[in-house]
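Below you'll find the structure I mean.
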Amino acid sequence: MRDEIRELARLSGWTVPQEAPTVPWEKAPGLVGIQFPADYREFIETFGSGEIRGDLGILDPLSRPGGGSGDDGISRMVQRTVADIGPQFRAMREESEGLCPYRIFPEAGGLLTWAGNYNGDFCFWLTESDDPDRWPVVVWRRGRFPDAWRRYDMGMAEFLLLVISRNDRELSDLAFQDPSVPIWVPELHVS
């Protein structure tokens, strides 16, 4: 287990469930044209679906009850960027590059969403490298113009540790900081 994943599990008191979620990661390049970062894949296999502090929801490619296969989950996750929020960010970029200085996936080197909170803030990977483990995290904070964008040259798991550490003022309200709220709140699946 990666050190960052181990530390997230320790801080949250999370124990890996007996039946860890399985995702056909090897199919991702054929389905969506990319592989996901290794720390993200390990995070999903360790924690499943849920939220940091009940606020910052981690997008996942897991099958849902009554839903399709893991293949569908991988495509569904990427479509969250391509079809759901991507058009809004593309429109912002067309209006002014200052509003959105990045391309949006599936454009080469574009942003790909992996988390969002109830305030409408989003966390992305900047897919600028052929190696997904080198993708930095880019955060867009809704309503923070002209400084809505911030880049973090680290992986997703290291970034989550930074969020819960409260050592970065810019991230202080990306996830609730109330210590009475568990660090990891799993999504409950009802069949």
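No lab work stands behind these numbers, since they all come straight from the coordinates. A quick note: this is a predicted structure, and the numbers were derived from the prediction, not measured. All Cβ positions, glycine included, derive from the backbone under ideal geometry; neighbour counts span all protein chains shown.
For TRP184, what residues show an amide H to amide H distance below 5 Å, using hydrogens built from the backbone and excluding near sequence neighbours?
Long-range HN contacts for TRP184: ARG53.
Fewest to most neighbouring Cβ within 10 Å: what's the order for GLU187, GLU94, GLU19?
GLU19, GLU94, GLU187
When the chain is fully extended, how far beyond the present Cα-Cα distance does GLN88 get from VAL181, taking 0.36 nm per residue of separation?
30.3 nm
Restricting to bridges with both residues inside segment 3-167, how much of the DSSP beta-bridge set is antiparallel, in percent to the nearest 5?
95
Here's a follow-up. Taking H placed 1.01 Å from N in the peptide plane, check which residues at least 5 places from GLY116 or on another chain put their amide H under 5 Å from its amide H.
Residues meeting the amide H criterion: GLY57, LEU59, CYS123.
Can I ask one more? When the dipole is taken about the Cα centre of the chain, and only Lys, Arg (+1) and Asp, Glu (-1) are charged at their Cβ, what size is it in debye, to the nearest 20?
320
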